[in-house]
1. Specify the residue that is farthest from the other protein chains (Cβ to nearest Cβ); the eligible residues are those in region B:80-105 that are at pLDDT 90 or above and open to solvent by less than 20 Å² (accessible area, probe 1.4 Å).
2. For B:LYS69, are the conditions met, namely being modelled with pLDDT of 95 or more and open to solvent by 60 Å² or more (accessible area, probe 1.4 Å)?
3. Please enumerate the residues belonging to region A:72-94 that are surrounded by 15 or more Cβ atoms within 10 Å (Cβ to Cβ) and either part of a helix (DSSP H, G or I) or out of contact with any strand residue (DSSP E or B) (no Cβ under 8 Å at 6 or more places or on another chain) (or both).
4. Residues in region A:15-34 that are in contact with a Lys or Arg (Cβ under 9 Å, 6 or more places away or on another chain), closer than 13 Å to A:SER49 by Cβ and in a strand (DSSP E or B): how many?
5. Criterion first (crowded, with 20+ Cβ neighbours inside 10 Å, within 23 Å of A:ALA92 (Cα to Cα) and within 9 Å of chain A (Cβ to nearest Cβ)) does B:LEU44 satisfy it?
6. Given the criterion away from every other protein chain (no Cβ under 12 Å) and crowded, with 21+ Cβ neighbours inside 10 Å, identify the matching residue among A:VAL52, A:VAL66.
7. With modelled with pLDDT of 95 or more and exposed (fewer than 12 other Cβ atoms within 10 Å of the Cβ) as the only criterion, which of A:GLY40, A:GLY16 stands out?
8. Residue by residue through region A:36-52, note down the ones that are in contact with a Phe, Trp or Tyr (Cβ under 7 Å, 6 or more places away or on another chain) and more than 12 Å from A:LYS70 (Cα to Cα).
Amino acid sequence: DVKVTQSSRYLVKRTGEKVFLECVQDMDHENMFWYRQDPGLGLRLIYFSYDVKMKEKGDIPEGYSVSREKKERFSLILESASTNQTSMYLCATLPQGNEQFFGPGTRLTVL
Amino acid sequence: AQSVTQLDSQVPVFEEAPVELRCNYSSSVSVYLFWYVQYPNQGLQLLLKYLSGSTLVKGINGFEAEFNKSQTSFHLRKPSVHISDTAEYFCAVSPLGGGSQGNLIFGKGTKLSVKP
């Protein structure tokens, strides 16, 4: 079974803090994605990566950056967290195929 | 560009009743189609997908969906729902080919609430 893990299920940070959200997959998938999920808005793509050290902006990259130094790990970085970044963050991977596999999500609250 | 419209944000039904969750999409290229389910406080799980072939697709937990190319729809159905089907359901499309292959465009979700 594909396993996608996210470093925290719940996270509380203060405005202005630097925040790291980690995603790890155990299946050697090349493609990885970060989404944020907000009520009534569905899932929106923040960034994705097709390979190590490669990244592409999604639909809402502002205020975020990413890092992919190893194939299995894809990190989402909030350089200076703001209250409007309070959300559920979901990581996903895509093997050679069509189905994305999702992690359990990190619910981030920025105070 | 692609877009996905889920026509109902909330669908309340009684247990053992049939349900249909509606999904329409817009795309200038061919797409793959997906339905995902999200149970409370969990990530997304694939229910079913349409890639090619038969337009009626069967998924897990007794769900099925029918791809209608002329109406650009991919409605999800279940003939008899259970309390345990209470969840949020997301329709998604993925464009074929090009650099965006594999990217998913999601609808805003439909919350299914099954009542006893």
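The values are calculated or read from the model by the stated rules, or taken from the named source; none is laboratory data. The structure presented is a predicted model; accordingly, all values stated were derived computationally and were not measured. For neighbour counting, all protein chains shown are included, and Cβ atoms are generated from backbone atoms with ideal geometry for every residue, glycine included. Heads up: the accessible areas ignore ligands, DNA and RNA and are worked out on the full protein's heavy atoms, side chains in. Shrake-Rupley method; radii C 1.70, N 1.55, O 1.52, S 1.80 Å.
1. B:VAL81
2. Numbers: modelled with pLDDT of 95 or more: no; open to solvent by 60 Å² or more (accessible area, probe 1.4 Å): yes.
So B:LYS69 fails the test.
3. A:GLN85
4. Of region A:15-34, the ones in contact with a Lys or Arg (Cβ under 9 Å, 6 or more places away or on another chain) are A:19, A:22-30, A:32.
Subset that is closer than 13 Å to A:SER49 by Cβ: A:23, A:25, A:29-30, A:32.
Then keep just the ones that are in a strand (DSSP E or B); that gives A:23, A:25, A:32.
So the answer is 3.
5. Numbers: crowded, with 20+ Cβ neighbours inside 10 Å: yes; within 23 Å of A:ALA92 (Cα to Cα): yes; within 9 Å of chain A (Cβ to nearest Cβ): yes.
Criteria met by B:LEU44.
6. Working: A:VAL52 fails: crowded, with 21+ Cβ neighbours inside 10 Å.
Within the list A:VAL52, A:VAL66, the selection yields A:VAL66.
7. On the way: A:GLY40 fails: modelled with pLDDT of 95 or more.
Matching residue, one of A:GLY40, A:GLY16: A:GLY16.
8. Our first condition is that a residue be in contact with a Phe, Trp or Tyr (Cβ under 7 Å, 6 or more places away or on another chain); within region A:36-52, this holds for A:36, A:42-49.
Within region A:36-52, A:ARG36, A:GLY42, A:LEU43, A:ARG44, A:LEU45, A:ILE46, A:TYR47, A:PHE48 qualify.
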